[in-house]
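Engineer: A single structure is presented below for examination.
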Amino acid sequence: MRRTSLLALLVAALLGGGGGFLLDHLLTSSGRSTFAPSLMLPVLLVLLGALCLALAWPVRRSVRDPDAPRIDPFRALRIAMLSKSASIVGAAVTGAALGLLLYGATRPVAPALGSLGTTIASAIAGALLVGAALLAEHFCTLPKDPDERQPDDTPAGLEPD
C-alpha cells in the first residue's frame, strides 16, 4: 500500500472548497441563509484524529520495540486504511470550511460571528485531522521482511559474469 499523496489531499481540499463555496452560493441565491457547520463537527474531527493515533500507537510500539507483542499485519493495514481515509476526509472538510469562509468574505454583509467561529473551528479541526491521520499512517508502516527480495535483486553468488 502506498501512503497518501499530497496530490490526493490537494484534490480533496479543492473539491471540498468548491463544494462549500457552491453550497453557500446556491443557498443565498435561493433566498436562504448561508450554511453554518454544527459545533459538534470540529469536536468529532478531533476525536477521529485521536482515535487514529490511539489505534496506530500499538503498531508503532510493536515495530520499534523488539520486546513488544507482535501486531497482525492485517490489523496494521486496516488502521492504515482508516488513517488514509481520515486524512482525505479531513482535507475535504478543511477545504469546504475554507470555501464557506471565502464565500462569506466576498459578501457585502459580514456573516454572524457564531457561524464564522464554527466554520473556522471546522477548518482548524480538519487540518488537525489531516496531520494526525498522516502521522498514524506513518506509525502503521511495517518494515520489510529480510527474506523478501525485490524482483530485480539477484541472489548472492548468482551474479552475471
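The values are calculated or read from the model by the stated rules, or taken from the named source; none is laboratory data. The shown structure was predicted, so the numbers you read here are calculated from the model rather than taken from an experiment. Virtual Cβ from ideal backbone geometry, glycine too; neighbours counted across all protein chains shown.
Engineer: Select from the stretch 31-74 the residues that are within 20 Å of ILE120 (Cβ to Cβ) and of a type outside the set (A, V, I, L, M, F, W, C) and write down the one among them that is surrounded by the most Cβ atoms within 10 Å (Cβ to Cβ).
Structural biologist: GLY49
Engineer: Please find, among ARG75, ARG64, the residue that is without any contact (Cβ under 8 Å) to a residue 24 or more places away in the chain and either closer than 26 Å to ALA12 by Cα or under 20 Å from the mean Cα position of the chain (by Cα) (or both). Steps first, answer last, please.
Structural biologist: Details: ARG64 fails: either closer than 26 Å to ALA12 by Cα or under 20 Å from the mean Cα position of the chain (by Cα) (or both).
Being without any contact (Cβ under 8 Å) to a residue 24 or more places away in the chain and either closer than 26 Å to ALA12 by Cα or under 20 Å from the mean Cα position of the chain (by Cα) (or both) holds for just one of ARG75, ARG64, which is ARG75.
Engineer: Do we find that THR28 is farther than 29 Å from LYS144 by Cα, polar (S, T, N, Q) and in contact with a Phe, Trp or Tyr (Cβ under 9 Å, 6 or more places away or on another chain) in this structure?
Structural biologist: yes
Engineer: Sort through ALA68, ALA54 and tell me the only one that's of a type in the set (A, V, I, L, M, F, W, C) and modelled with pLDDT under 90.
Structural biologist: Details: ALA54 fails: modelled with pLDDT under 90.
None of the other options fit; the residue is ALA68.
Engineer: Can you confirm whether PRO108 is part of a loop (DSSP other than H, G, I, E, B), surrounded by fewer than 22 Cβ atoms within 10 Å (Cβ to Cβ) and more than 18 Å from the chain's Cα centre (by Cα)?
Structural biologist: yes
Engineer: Inspect the stretch 4-20 for any residue being under 21 Å from LEU128 (Cα atoms), in contact with a Lys or Arg (Cβ under 8 Å, 6 or more places away or on another chain) and in contact (Cβ under 8 Å) with a residue 40 or more places away in the chain and give the result as yes or no. Talk me through it step by step, then tell me what you get.
Structural biologist: Step one: filter the stretch 4-20 for residues under 21 Å from LEU128 (Cα atoms), giving 4-20.
Filter again for in contact with a Lys or Arg (Cβ under 8 Å, 6 or more places away or on another chain), leaving 4.
Subset that is in contact (Cβ under 8 Å) with a residue 40 or more places away in the chain: 4.
Scanning the stretch 4-20, I find at least one residue that is under 21 Å from LEU128 (Cα atoms), in contact with a Lys or Arg (Cβ under 8 Å, 6 or more places away or on another chain) and in contact (Cβ under 8 Å) with a residue 40 or more places away in the chain, so the answer is yes.
One line per residue, one yes/no per condition, for (1) part of a loop (DSSP other than H, G, I, E, B); (2) modelled with pLDDT of 95 or more; (3) over 25 Å from THR119 (Cβ atoms):
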{"position": "LEU27", "(1), (2), (3)": "no, no, no"}
{"position": "GLY31", "(1), (2), (3)": "yes, no, no"}
{"position": "VAL43", "(1), (2), (3)": "no, yes, no"}
{"position": "SER85", "(1), (2), (3)": "no, yes, no"}
